[in-house]
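Notes to accompany the following structure.
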Amino acid sequence: MITYKDTQPKITTPKRNIKVEGVSISNGYLVDENGSIADRIREALPSGVEDFTIKIQVLLPEEDNRE
């Protein structure tokens, strides 16, 4: 059996993904092993960008995954 599917070209808006791993909260600040992450995120943002969205991902312990 042979099947095929044609797809239309997709035009998307360019995006920049910034990933910071090993983040925790210390004294009310988001930090990693090098300290506060705020200045380094600001440096990674494109020029003129002030607002952005933060998405947080955590691994759940096994007992919490069963529900």
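The values are calculated or read from the model by the stated rules, or taken from the named source; none is laboratory data. Since this is a predicted model, take the numbers as computed values, not measurements. For neighbour counting, all protein chains shown are included, and Cβ atoms are generated from backbone atoms with ideal geometry for every residue, glycine included.
Structure notes:
- Flag if Ser36 is modelled with pLDDT of 95 or more, touching a Phe, Trp or Tyr at 6+ places or on another chain (Cβ under 7 Å) and of a type outside the set (A, V, I, L, M): yes
- Just one residue in the set Arg16, Arg42 is outside any strand (DSSP E or B) and surrounded by 10 or more Cβ atoms within 10 Å (Cβ to Cβ); that residue is Arg42.
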